[in-house]
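Each remark here refers to the structure printed beneath this line.
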Amino acid sequence: MDTTVLRWFQQVADGTSVTDVSALERVSQSGVSRALARLEDEVGTPLLRRSGRSLRMTRAGAAFKHHVDVVLHALDDGLAAVDQVLDPETGTVTLSFQPSLGSWLVPELLATFQVGHPQVRFDLRPLRDEVVGAVRADGDVDLELTTVRPAAGALRWQRLLRQPLHLAVGRDHALAGRRSVAFSEAAALPFVVLPATSELRGRFDDLCAAAGFRPVVAHECGDLPTVRGFVAAGLGVAVVPVAVAGTAVPAEAGVRTVAISDPAATREIGLAWSPQRRLLPAAERFRTHVLDRARG
C-alpha cells in the first residue's frame, strides 16, 4: 500500500477534511478522494462514510486505523533513526516525568545538556498518573524521571539522588521556628494533600502509617504550588520535597519547611528506560548525561 495514501486516510480519520488534506498536500480534492477509494478497494470494505459534509470512519475503518497508526509511527521512527545516524546532534528525546520534578530537576538537566547539544529537541510528557509509568518496550517514551521504582526485570532504573521530605507550615505556625519534628507531632494537624494519583501522596500515606496515625485531610489540591499556597494561607500543613545539594526547589512566600526526623521522610529520584527499546543517539546521549551528572 502507498504510505502517502495511508497518511491521507489517517488525517481524514482524525477529522481533517478532504479539502484541507488537498491544500496541505498540494493535490486536487478529486485526487485525494480517488486515492482513498483505491485504498478501500485494496482493503476490501468501506473505511469512511459521509456524515453531512464530513467523513467518518466505519467500524472497519476504526479497526484499520489503529494498525495504520502503528505502521506509520514505526516508519517515522525508522526515518528519524536514519536522520540521527547521519547527524547524531539532531533528533528528539521523548521524556516523561512526575510533575513535582518539572519545576526544578527537568529544566536543570535539559539546560546543562543543551549547552553541548543545542540542536536536540525534547518532547516533554508530564505524567497524569504518577504511580503508572509511561516507559514501555513498545511505547514512544524514551526515558522517564520518576520516584517510582519499576518492577524488577521490566525496566531499568538508576537512582539519581535522594530528596528529603519536610513538613511545610505557615510562617506564623507554632512549628515554624523548629529545626525538626517527629512526624507523630503532626498527628492532630489538618493536612493539605495531593491526589491519590500522586507518588507524593503515597509517601505521605506511608509516613502517616509508620507514625501510627490517620491524618486529618483538610484539603486535596492538584499540584505542589497549590499545596504550598494553601499552606501559606494557613489552611493546613503538608509534606513537601525540599532542595538537595546542587538543586533548587521553588519556594513559596509565607511557607516554612521543618525537617522530619523520621528516617523514611525521603524519596529516591531515578531515571527509567526499557532495555527492549533501542534508544536513538540523541536519547542515548541524554541518558548518559543524566547518569553522569548523578555520579558527579
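The values are calculated or read from the model by the stated rules, or taken from the named source; none is laboratory data. Being a predicted model, the structure only gives us computed values, none of them experimental. Reconstructed Cβ throughout: ideal geometry from the backbone, glycine too, with neighbour counts over all protein chains shown. Surface areas here come from the heavy atoms of the whole protein model, side chains and all, with no ligands, DNA or RNA. Shrake-Rupley method; radii C 1.70, N 1.55, O 1.52, S 1.80 Å.
Return the loop-located GluC sites (Glu not before Pro) in the stretch 24-89 (DSSP other than H, G, I, E, B) with at most 15 other Cβ atoms within 10 Å of their own Cβ; answer none if there are none. Please list the in-between numbers first.
Numbers: sites: GLU25, GLU40, GLU42, GLU89; in loops: GLU89.
When the GluC sites (Glu not before Pro) of the stretch 24-89 are filtered for loop state and at most 15 Cβ neighbours within 10 Å, GLU89 remain.
Summing Lys, Arg as +1 and Asp, Glu as -1, what charge do residues with Cβ under 15 Å from the Cβ of GLU40 carry, GLU40 excluded? Intermediate results must be reported in sequence, preceding the final value.
Working: positive: ARG34, ARG38, ARG49, ARG50, ARG56, ARG59, LYS65; negative: ASP2, ASP41, GLU42.
Once positives and negatives cancel, what remains is +4.
Run the accessible area of the chain with a 1.4 Å probe and give the carbon-and-sulfur part as a rounded percent.
Percent of accessible area from carbon and sulfur atoms in the chain: 51.
Ignoring the sites themselves, what is the longest stretch of the chain with no trypsin sites (Lys or Arg not before Pro) in a DSSP loop and at most 15 other beta-carbon atoms within 10 Å? Looking at the chain, 180-277 is the longest stretch - no exposed trypsin sites (Lys or Arg not before Pro) with at most 15 other Cβ atoms within 10 Å.
Report the residue, chosen from ALA137, ALA182, ALA63, that carries the largest GNM mean-square fluctuation when the chain is represented by alpha-carbon nodes joined by springs under 10 Å. Among ALA137, ALA182, ALA63, the largest GNM mean-square fluctuation belongs to ALA63.
Annotation: amide H of HIS117 has no partner in the under-5 Å range at sequence separation 5 or more or interchain, hydrogens built in the peptide plane.
Please work out whether the chain counts as rounded, prolate or oblate from its C-alpha gyration tensor, where a ≥ b ≥ c are the square roots of the eigenvalues and a/c under 1.5 means rounded, while otherwise a/b larger than b/c means prolate and anything else oblate?
Working: a/c = 2.86, a/b = 2.01, b/c = 1.42.
It comes out prolate by the Cα gyration axes.
Beta bridges per DSSP, both residues in the chain: antiparallel share near 60 percent. For the stretch 67-199, averaging the sequence separation of C-alpha pairs within contact (under 8 Å, six or more residues apart) and dividing by the residue count gives a relative contact order of 24 percent.
For the stretch 1-126, the share of DSSP beta bridges that are antiparallel, to the nearest 5, is 40%. Taking 1.567 mPa s as the viscosity and 4 °C as the temperature, the Stokes-Einstein diffusion coefficient of the stretch 21-145 based on its alpha-carbon Kirkwood radius rounds to 71 µm²/s.
Report, in debye and to the nearest 20, how large the dipole of the chain comes out about its Cα centre when Lys and Arg carry +1 and Asp and Glu carry -1 on their Cβ. Could the numbers behind the result be given before it?
On the way: 33 positive and 33 negative charges, 87 e Å.
Around 420 debye, computed over the chain.
Phi-derived couplings, Karplus 6.51 cos²θ - 1.76 cosθ + 1.60 at θ = phi - 60°, listed residue by residue for the stretch 10-26: 4, 5, 5, 5, 7, x, 6, 6, 4, 4, 5, 4, 4, 5, 5, 8, 6 Hz, with x used for Gly and Pro.
The 3J(HN,Hα) values that the Karplus relation (6.51, -1.76, 1.60; θ = phi - 60°) gives for the stretch 259-267 are, in residue order, 4, 9, 6, 4, x, 7, 7, 8, 9 Hz. Gly and Pro appear as x. For the chain, the solvent-accessible area with a 1.4 angstrom probe is 53 square angstrom per residue.
The GluC sites (Glu not before Pro) of the stretch 167-266 include none that DSSP puts in a loop with a beta carbon having at most 14 other beta carbons within 10 Å.
Taking a quarter of the surface of the convex hull around the Cα atoms of the stretch 74-158, what do you get in nm²?
Values: hull surface 25.3 nm².
Averaged projected hull area, Cα only: 6.3 nm².
Overall dimensions of the stretch 1-90, expressed as equivalent-ellipsoid semi-axes from the Cα gyration tensor (√(5λ), whole Å, largest first), are 27, 15, 11.
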